[in-house]
Amino acid sequence: VDQNIGRVLDHLEKKRILDDTAILHTSDHGYFLGEWRLFDKRLMHEPSIRVPLQVRYPKRILAGTVREEMVLDTDIAPTLLDLAGVAIPPYMQGKSTLPLAKKKDSQFRNEWYYEYYEWPNPEKVAPHRGIRTEQHKLIQYVLDPSEGELYDLKADPGEHNNLYGKAEYAALQAHLTERLNLLREKIPEH
């Protein structure tokens, strides 16, 4: 991949259009590399859902700009449309990330919905849904609603201490469940 990206950049540079070309580079998912004794992807844990997004376009994005806001793959199409100067259709779920190139925005996205529903599957990953906020993550398993996971990502970024079902976190769990259900209602049916 690195070699082919280099080939594309070299070609654009030789054509003298590198700085006139917007380049977006990302991945659709991360991979477990032994965490929780897992491999592959599909679960809502950080190694599977956290991926980089890089955009290079010197005319609109200052080199070295780094942001920490939560960006989703649904933001890619609106970002590309914005780069091209095309209006973003209101039915698109994502939003352009270009405003983040100018300044940080703590309100860009405060929460988002996750769902994995492929079942049965060879990987034996149970269908689940969840909500990710800047500080917390709630995962609910569809086949057994009594199972779940709840993490405080600031205190426990490695997701080692499952708080789900613990009495002292009942109010937080209920709040996140309510937010998850509201987000879920906005998702078109499969």
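The values are calculated or read from the model by the stated rules, or taken from the named source; none is laboratory data. If you're wondering where the values come from, they're calculated on a predicted model, not measured in any experiment. Methodologically, a virtual Cβ is constructed for each residue, glycine included, from the backbone with ideal geometry; neighbour enumeration extends over all protein chains shown. Heads up: the accessible areas ignore ligands, DNA and RNA and are worked out on the full protein's heavy atoms, side chains in. Shrake-Rupley method; radii C 1.70, N 1.55, O 1.52, S 1.80 Å.
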Worksheet item: Mind listing P(r) for the stretch 1-119? All alpha-carbon pairs, 5 Å bins, whole percents.
Response: 2, 9, 16, 19, 19, 15, 11, 6, 2, 0
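Per the 1.4 Å probe, what fraction of the accessible area of the chain, in percent, lies on carbon and sulfur atoms? Working shown, then result.
Numbers: 6750 of 12630 Å².
Ligands and nucleic acids excluded, carbon and sulfur reach 53 percent.
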Worksheet item: Quick one: helix 2-14 against the long Cα principal axis of the chain, what's the angle to the nearest 10°, folded into 0 to 90?
Response: 30
Worksheet item: In nm, to one decimal, how far is the residue 146 label point from the residue 86 one, both placed 7 Å along Cα→Cβ?
Response: 5.1
Worksheet item: Roughly how big is the chain's charge dipole about its Cα centre, with Cβ charges of +1 (Lys, Arg) and -1 (Asp, Glu), in debye to the nearest 20?
Response: 780
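Just to confirm a number: summing +1 for Lys and Arg and -1 for Asp and Glu over residues other than residue 57 whose beta-carbon lies under 13 angstrom from that of residue 57, what do you get? Each step should come with its number before you reach the end.
Details: positive: 56, 59, 60, 102; negative: 19, 20, 82.
Spelling it out: positives minus negatives among the neighbours equals +1.
Excluding ligands, DNA and RNA, what is the solvent-accessible area per residue of the stretch 28-86 at a probe of 1.4 Å, expressed in Å²? Numbers along the way, then the final one.
Working: 3810 Å² over 59 residues.
On a per-residue basis, the stretch 28-86 sits at 65 Å².
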Worksheet entry | Positive-end residue of 122, 92, 107, charge dipole of the stretch 91-131 with Cβ unit charges | 107
Response to the item:
Percent of all alpha-carbon pairs of the stretch 46-92 at distances over 14 Å, whole number, is 60
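Mind jotting down a quarter of the surface of the convex hull over the alpha carbons of the stretch 1-51, in square nanometres, one decimal? If you can, show how the numbers build up before the last one.
On the way: hull surface 17.7 nm².
Mean orientational projected area (the stretch 1-51, Cα hull): 4.4 nm².
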Worksheet item: Cross-link partners among lysines for residue 14, C-alpha distance below 27 Å, same-chain residues fewer than 8 apart left out?
Response: 59
Discussion item. Keeping every protein chain present and rolling a 1.4 Å probe, give me the accessible area per residue for the stretch 99-190 in Å².
Written reply: 62
Worksheet entry | Nearest-ten-degree value, helix 170-185 long axis tilted from longest Cα axis of the chain | 50
Worksheet entry | Stokes-Einstein D (µm²/s) once Rh is taken as the Kirkwood radius of the stretch 88-168 over alpha-carbon pairs, at 37 °C in 0.692 mPa s | 216
Item to complete: Take the Cα gyration tensor of the stretch 57-129, multiply each eigenvalue by 5, square-root it, and list the three semi-axes largest first, rounded to whole angstrom.
Response: 30, 15, 12
